[in-house]
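The values are calculated or read from the model by the stated rules, or taken from the named source; none is laboratory data. Being a predicted model, the structure only gives us computed values, none of them experimental. Here Cβ is always computed from backbone atoms with ideal geometry, including for glycine, and neighbour counts include all displayed protein chains. Protein only, heavy atoms only, side chains kept; ligands, DNA and RNA dropped before computing areas. Shrake-Rupley method; radii C 1.70, N 1.55, O 1.52, S 1.80 Å.
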Amino acid sequence: MKQFFAAHRRSLGCAALALCLLAAALVLWWVEVLPAQTKGVSAKLNDQYTAYTDPIEESVSQTFSTEQPLYTLGFVFGLSGEQPQGELALTLTNAATGEVLAGSTGDMGAILPGQYTVLGLDVPVPAGAAETYTVTLTPHYTGAGRLTVGRSAEAVEGFGALEADGTSQPGALALLATVDRVGSFVSKYYLVIVLLLVIVVCGAFWLAGRGFALHRLYFCLVLALGVVFCLVLPPYSAPDEQFHINQSFSVATTFTSRLPLNSVPLCDTYRRPTDVDPLLQDQNTTVFTWKEFTGTLLTRSSDAPGDFELYSEMQADDSNLLYTVSGAAVALGFLLRLGFTPTLLLGRLANLLAFALLTAWAVKKAPFGKGVFVAAGLLPMSLHLAASFSRDCLTLGLAFAFTSLCLDAAYGPHERLTWRQLVPLAILGVLLVPAKVVYFPLAALFLLIPAQRLPHNGKAFKVVFLALCVAAFALSGARYTIQGLFARADSAEDLAAQTEAVSQEVADQWGLEEKAENPDNICYSLGYILDHPGQTIQLVVRSAVELGDHYIKTLVGGKLSYYSLDLAWGWVLVLYGLLFWAVVPRQGEAGWPGVFSRGWGGLLALVCCALAVAGCITWTPTYYTTIYGLQGRYFLPALPLGLLALRPVNFTRTGSDQTLCVALALADLSVLLNAFLAILAR
């Protein structure tokens, strides 16, 4: 027996882990998910009840029309005398044929007067079961109390005759209908999510024990967990994702319609005529978002690849650089005539794959601190952004890969770098610089590479690289950020002068005349900050005090979706604990040599974070009490560099980085299940 356990220790451990996870998931299903099967979507067919019918002795009936399915019907009851006792019977019939479609009974003692009381239907009535329905309420009293029913004072469109005890009544009954019910779908969806997560975690546990290469294990985890993030948090759920989707679809339209790449105005969006789904195009994910997402996942589009329509919807950025990957995937969806939902998923998966490749490359090439890159990439916030249309997905990937390649070039086992090593490094730097201006300082990591490792004249090579970075920035849309920073008005008078200095078309496009009339539009520009340092300090301090928890949570993923999914602080502390574990070096692992190198790297990370804060401050109107739009996720691209610079040198940790991967996968599993339950409770 001992030999058997010794020979199959890894398999038995994997099976035990799977059983524990499944048992915990089943308990959650029984306690939280199973009761949610009764969730429904209600529609107020008539919400007017300014009057009540006469006391009902025998029955009250109402004819009405609706094209929606019916699961329950709700009425507003009033009382005549004491609380009525006995049973209330509901019958729903086809008004044209008299066929009984559904019915139910309820206890009148449970009625609360003045608000909707819902009666279920024993058989759900599908859409189009009848052109006109008749609902009849028949009370069977056992006491002296009588019911009245809320109605409108006048006729309501879509409603016909209202009769009480055989007498015609004016107006129409107030009527609330449940028109959709999630039913067993939510349990099935939950079990699919759980099975995927258990397979991912147990697979990571198995591979980690077999010495699977760290960067390969990380790559598989990012892809697998990213797919689950796509399922739990469907399109339009990530921060500002609607604007990133707009830009990706506009880029895809230019690819398939032979339009110039930058021909779509920032305030407009190009999509196919059929690329509209109100249930999906909602930042607040609900159980019905999941139902719509899965129900339309295999749909096709009737639009030809070149068809498009103009929508008055904003895009995200002046530059299309970071939308070429998702835009190309969306264009492929256009060419394959995939529906809106599968095209959205295709764009998300393309970004996820790009993020996984770039960050796995970073893990592989890092000469030290591989666990730091692993932890930063597997944080829930990183995965949430990676599995979205957000440009932060590629920004993170480029920043991680560039940081790792610079450290490898400076401290890796290379006597002299080849062009095969330098060209990818230069390309990543040139792509990263215009991505977001606040991460420009990361390009200075290149200066840590010893000149003797570079070919020919090392100093000249560094100058050429930095010149290329500056040129890439100057030629990109990011330059407008700097121009706007210096050109922004500091007073209402400056706004008026700025309005006169531009053409009427530009003034109308940016609403300059309206802003000039409203002094509240003045922002914390550089000029305003220099003139009002006290107010700026107060803004920063007040933001740290009032929103500090928001910044801390949004760095690791304690707030997901449009920051509407707020995880408990316990899970946030677990994530920060795993980050700390990753920062502590493993036994025998090489460290970052030299105090100067650590200081330089830490300074660059700090400057990136400071620029992110400063950028948000300059977009903050002066009447705001806290910094507008600042989020912890803005610090993610500089996180590995900052953590490595702060790395302790006096103690080490046990356990491999593969074990760290498994722990992070478990944390992501917990976060995803918490997010699922939080959405379920909406």
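Side notes on the structure shown:
- Of all residues in region 321-353 being without any contact (Cβ under 8 Å) to a residue 40 or more places away in the chain and either among the hydroxyl-bearing types (Ser, Thr, Tyr) or not in a helix (DSSP H, G or I) (or both), the one that is surrounded by the most Cβ atoms within 10 Å (Cβ to Cβ): LEU338
- Condition check for THR91: part of a strand (DSSP E or B), at pLDDT below 95 and surrounded by 14 or more Cβ atoms within 10 Å (Cβ to Cβ): no
- Among (1) in a loop (DSSP other than H, G, I, E, B); (2) under 20 Å from THR294 (Cα atoms); (3) out of contact with any Leu (no Cβ under 6 Å at 6 or more places or on another chain) - the single one CYS230 does not satisfy: (1)
- Among residues of region 580-603, those that are outside any loop (DSSP other than H, G, I, E, B) and open to solvent by less than 10 Å² (accessible area, probe 1.4 Å), counted: 2
- Tally of residues being more than 20 Å from PHE185 (Cβ to Cβ) and either in contact (Cβ under 8 Å) with a residue 40 or more places away in the chain or outside any helix (DSSP H, G or I) (or both) across region 16-42: 4
- Annotation: LEU560 fulfils all but one of (1) within 18 Å of the chain's Cα centre (by Cα); (2) open to solvent by 10 Å² or more (accessible area, probe 1.4 Å); (3) among the aliphatic types (A, V, I, L, M); the unmet one is (2).
Here is a yes/no grid of residues against (1) within 30 Å of THR294 (Cα to Cα); (2) under 42 Å from the mean Cα position of the chain (by Cα); (3) open to solvent by less than 10 Å² (accessible area, probe 1.4 Å):
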{"residue": "THR148", "(1), (2), (3)": "no, no, no"}
{"residue": "GLU154", "(1), (2), (3)": "no, no, no"}
{"residue": "GLU163", "(1), (2), (3)": "no, no, no"}
{"residue": "GLN169", "(1), (2), (3)": "no, no, no"}
{"residue": "ALA172", "(1), (2), (3)": "no, no, yes"}
{"residue": "ALA177", "(1), (2), (3)": "yes, yes, yes"}
{"residue": "ARG181", "(1), (2), (3)": "yes, yes, no"}
{"residue": "LYS188", "(1), (2), (3)": "yes, yes, no"}
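- Residue within region 647-659 that is open to solvent by less than 10 Å² (accessible area, probe 1.4 Å), more than 23 Å from CYS523 (Cα to Cα) and in a helix (DSSP H, G or I) present: yes
- Taken across region 214-226, residues that are under 16 Å from the mean Cα position of the chain (by Cα), over 17 Å from PHE340 (Cβ atoms) and not basic (Lys, Arg) do occur, with at least one present.
- Members of region 445-465 found to be assigned to a helix (DSSP H, G or I), open to solvent by less than 20 Å² (accessible area, probe 1.4 Å) and within 21 Å of ARG598 (Cα to Cα), listed by number: LEU445, PHE446
- Residue in region 258-269 that is more than 30 Å from VAL41 (Cα to Cα), modelled with pLDDT of 90 or more and either in contact with a Ser or Thr (Cβ under 8 Å, 6 or more places away or on another chain) or open to solvent by 50 Å² or more (accessible area, probe 1.4 Å) (or both) present: yes
- Filter result (over 15 Å from THR254 (Cα atoms), open to solvent by 30 Å² or more (accessible area, probe 1.4 Å) and either in a loop (DSSP other than H, G, I, E, B) or touching a Gly at 6+ places or on another chain (Cβ under 7 Å) (or both)) within region 295-317: LEU297, LEU298, THR299, ARG300, SER302, SER312, GLU313, MET314, ALA316, ASP317
- Among the residues of region 281-303, just one is modelled with pLDDT under 90 and either in contact with a strand residue (DSSP E or B) (Cβ under 8 Å, 6 or more places away or on another chain) or within 24 Å of PRO265 (Cβ to Cβ) (or both), namely GLN283.
- Matching entry among ALA102, ALA96 (being within 23 Å of THR132 (Cα to Cα), open to solvent by 40 Å² or more (accessible area, probe 1.4 Å) and touching an Asp or Glu at 6+ places or on another chain (Cβ under 7 Å)): ALA96
Yes/no matrix, rows are residues, columns are (1) touching a helix residue (DSSP H, G or I) at 6+ places or on another chain (Cβ under 8 Å); (2) under 27 Å from PRO235 (Cα atoms); (3) among the aromatic types (Phe, Trp, Tyr):
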{"residue": "ALA356", "(1), (2), (3)": "yes, yes, no"}
{"residue": "THR359", "(1), (2), (3)": "yes, yes, no"}
{"residue": "GLY371", "(1), (2), (3)": "yes, no, no"}
{"residue": "PRO380", "(1), (2), (3)": "yes, yes, no"}
{"residue": "PRO413", "(1), (2), (3)": "no, no, no"}
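- Here TYR563 meets each of (1) assigned to a helix (DSSP H, G or I); (2) more than 17 Å from TYR623 (Cβ to Cβ) with one exception, condition (1).
- Some residue of region 598-605 being in contact (Cβ under 8 Å) with a residue 60 or more places away in the chain, over 29 Å from ILE449 (Cβ atoms) and out of contact with any Pro (no Cβ under 6 Å at 6 or more places or on another chain): no
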